[in-house]
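Reviewing the structure listed below.
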Amino acid sequence: MAEDRKSEILKEFDPLNQFVSSENDDTVEDVMSKKDDANTQTVEETNMNISAQDMGDEEPFYDFQLFIKQLQTPEASPLVKYTKSFLRNFLAQRLLWTVTEEIKLINDFKMFIYDKFALYEPFKSLDSSKIRNAREGIEKLIMGKLYFRCFSPSLYDTLQKPLDDQHMRDLNDDNTLQEKIEHYRFISPVMLDIPDTMPTAKLNRFVHLASTELGKINRFKSPRDKMVCVLNASKVIFGLLKHTKLEQNGADSFIPVLIYCILKGQIQYLISNVNYIERFRSTEFLRGEEEYYLSSLQAAVNFIMNLSESSLTIENHKGFEEEYQENLKQVAKEKDEHHKQRKLDVPNELQSNGTLLKPLDEVTNIVISKFTELFSPVEEPTQEETLNSERSSKEEDVSLLIKKIEENERKETLKTLQNMFPDMEPSLIEDVCFAKKSRIGPCVDALLSLSE
C-alpha cells in the first residue's frame, strides 16, 4: 500500500475523529443510567438497552458452513469442478510461485468464480448479503487450501529452500521486527508520548487484551479471520481511548498505544501476516474500517522497524541506556534457555509453520474436509438411506464441534472481561457478552460505558 494512500486513509477514515451524534450520546446515557438499577432489571431489558447502544454495529452476514452446504448441492457441481481444477493446477504446476504471480492467479480465479455464481443455483437466487457471504466463503476456502504455499513462513518451512525476493523480504522483515521488539520491549508508555493521565493499571489490562487478540492472528489461515484479529485488537484500543477522553487526538493517540501493544505482545510473523492480508483479502472487503485499521497497523510496524533511542521521548538518557543494556542481557539469557529447552522437548504434533493447531483452525479444517470429499470419487452406495445417514451424521458431528468451540470461546471471552472489570457484577458482564455476541470490541466499549 503506497505511503500517500495510507496517509489518505488515516485522515479520511479515522473513527477517533468521527462526529458522535446526539442520538448515540443519548443511547450511551440510557445504558449508563441502568447501572444503578442493574440488579432489578431482567436479562431481556438489559440486553435490549445494550443492543440499542449498538446501533450501526451489526457485522455483515457471514456463515462459512452455510456456504459449504450450498456448494455441496448438485446444482453447484460445476463450481466445485472449477475450484478443484484451479487448486490442483496451482499446487501441481509449480512448487514456488512469486508473490506477484500468486496475487494475479488467485484474484483472477476469484473474479472468474464470482461471475459463475450468477449462473448456477443456489447462488444465482441469493440476495446480496448471501452472495457476499459466498464470496467470503470462496476466499476462505481457497486460501485455506493454499495457505502453506502463500504465507511466507509456512512456505519456507514447507520447501526448506530460498524463496523469491518478496517472500524472502517478508521473512527478513519478520526477523528484523522481532529483534526490534526484543530490544525495546522494556520502554514505558510515556516514551511513546502516551499521556500519563491514563491509569497505569487500566492501560496494562487493555494492552494485554489487545495484544492477546492481535496474537491470535497466527491461529488462522484465511485473510478475513486474520483481519478480524486486527479489528478486535484495534477496537479494544479505540474503546480505551474513547473512554479516557483521548479520542480527540485521532491517530496521534491510537497508533502510539498500538505500538506499545505490539512491543508488549511480541507477536511472531506480524509483517508476513499483514502482507498476507493485503495481498489476498479481496479489495471489495478491505475498505473503510478494515482498511483504516490495517493501515494503522502498518504505520505502527514501520515505526518499530525504524525504532531507535532518538525516536522516543526520553528524559534520562543515561538511565535509558542502562535499562537497554540490561534488557539485552535478559534477551540473550532467554534465548539460551529456550535453545536448551528445545533440545529436551519431545516433538509435538505441529503444523508445518511450527505452531500448534488451534481449535478454531481445527473447525475450519473439518468443515473444509467436507468440501474436499467433493473432490474425491465416491463409490456408488448400495443403499441410498445409508449414504444419507452417514452424511447427516458427519454434518451433526461438525455442527456439534463448532458449537462446542464457540461455547469455549464465549467462556474465555467472559473470563477475560471479568478479569478486566473486577468491580463489575459478573451477571451484568455476562448479559453484555450475550447481547454483543461475545465480540470483544463491542463488549469492551459497552462495559466501559457502564463502568463510568
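The values are calculated or read from the model by the stated rules, or taken from the named source; none is laboratory data. Because the structure is a prediction, the values reported are computed rather than measured. Here the Cβ is made from the backbone with ideal geometry for all residues, glycine too, and neighbour counts use every protein chain on show.
To keep it simple, each residue is scored yes or no on (1) modelled with pLDDT under 85; (2) surrounded by 13 or more Cβ atoms within 10 Å (Cβ to Cβ).
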site: 295; (1), (2): no, yes
site: 300; (1), (2): no, yes
site: 315; (1), (2): no, no
site: 333; (1), (2): no, no
site: 340; (1), (2): yes, no
site: 343; (1), (2): yes, no
site: 348; (1), (2): yes, no
site: 352; (1), (2): yes, yes
site: 361; (1), (2): yes, yes
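What residue, of 221, 245, is farther than 18 Å from residue 60 by Cβ, among the basic types (Lys, Arg), in a loop (DSSP other than H, G, I, E, B) and modelled with pLDDT of 90 or more? Talk me through it step by step, then tell me what you get.
Values: 245 fails: modelled with pLDDT of 90 or more.
Step by step, each of 221, 245 is checked, and only 221 is farther than 18 Å from residue 60 by Cβ, among the basic types (Lys, Arg), in a loop (DSSP other than H, G, I, E, B) and modelled with pLDDT of 90 or more.
Can you confirm whether the stretch 181-190 contains a residue that is among the basic types (Lys, Arg), touching a Pro at 6+ places or on another chain (Cβ under 8 Å) and farther than 24 Å from residue 87 by Cα?
Step one: filter the stretch 181-190 for residues among the basic types (Lys, Arg), giving 185.
Among the residues that remain, those that are also touching a Pro at 6+ places or on another chain (Cβ under 8 Å) are: none.
So far as the stretch 181-190 goes, no, none of its residues is among the basic types (Lys, Arg), touching a Pro at 6+ places or on another chain (Cβ under 8 Å) and farther than 24 Å from residue 87 by Cα.
Just checking, which of 171, 146 is surrounded by 20 or more Cβ atoms within 10 Å (Cβ to Cβ) and in a helix (DSSP H, G or I)?
On the way: 171 fails: surrounded by 20 or more Cβ atoms within 10 Å (Cβ to Cβ).
When all the criteria are applied, what remains is 146.
Name the single residue, out of those in the stretch 412-452 being part of a loop (DSSP other than H, G, I, E, B) and among the charged types (D, E, K, R), that is surrounded by the fewest Cβ atoms within 10 Å (Cβ to Cβ).
Step one: list which residues in the stretch 412-452 are part of a loop (DSSP other than H, G, I, E, B), which gives 421-425, 436-439, 452.
Narrowing further to those that are among the charged types (D, E, K, R): 423, 425, 436-437, 439, 452.
Details: 423: 5, 425: 14, 436: 24, 437: 13, 439: 18, 452: 8.
My answer is 423.
Among the residues of the stretch 176-195, count how many are touching a helix residue (DSSP H, G or I) at 6+ places or on another chain (Cβ under 8 Å) and over 15 Å from residue 252 (Cα atoms).
Summing the residues that are touching a helix residue (DSSP H, G or I) at 6+ places or on another chain (Cβ under 8 Å) and over 15 Å from residue 252 (Cα atoms) in the stretch 176-195 gives 10.
Just wondering, is there one or more residues in the stretch 242-255 that are in contact (Cβ under 8 Å) with a residue 40 or more places away in the chain, hydroxyl-bearing (Ser, Thr, Tyr) and surrounded by fewer than 22 Cβ atoms within 10 Å (Cβ to Cβ)?
Yes: one or more hits.
Residue 406 fails exactly one of the following numbered conditions: (1) modelled with pLDDT under 80; (2) over 20 Å from residue 219 (Cβ atoms). What is the number of that condition?
It fails just one condition, (2).
Scan the stretch 174-201 for residues that are surrounded by fewer than 15 Cβ atoms within 10 Å (Cβ to Cβ) and among the charged types (D, E, K, R) and jot them down.
179, 193, 196, listed by residue number.
Please work out if residue 124 is part of a helix (DSSP H, G or I), in contact (Cβ under 8 Å) with a residue 24 or more places away in the chain and not small (Gly, Ala, Ser).
Values: part of a helix (DSSP H, G or I): yes; in contact (Cβ under 8 Å) with a residue 24 or more places away in the chain: no; not small (Gly, Ala, Ser): yes.
No; evaluated as a whole, the condition is false for this residue.
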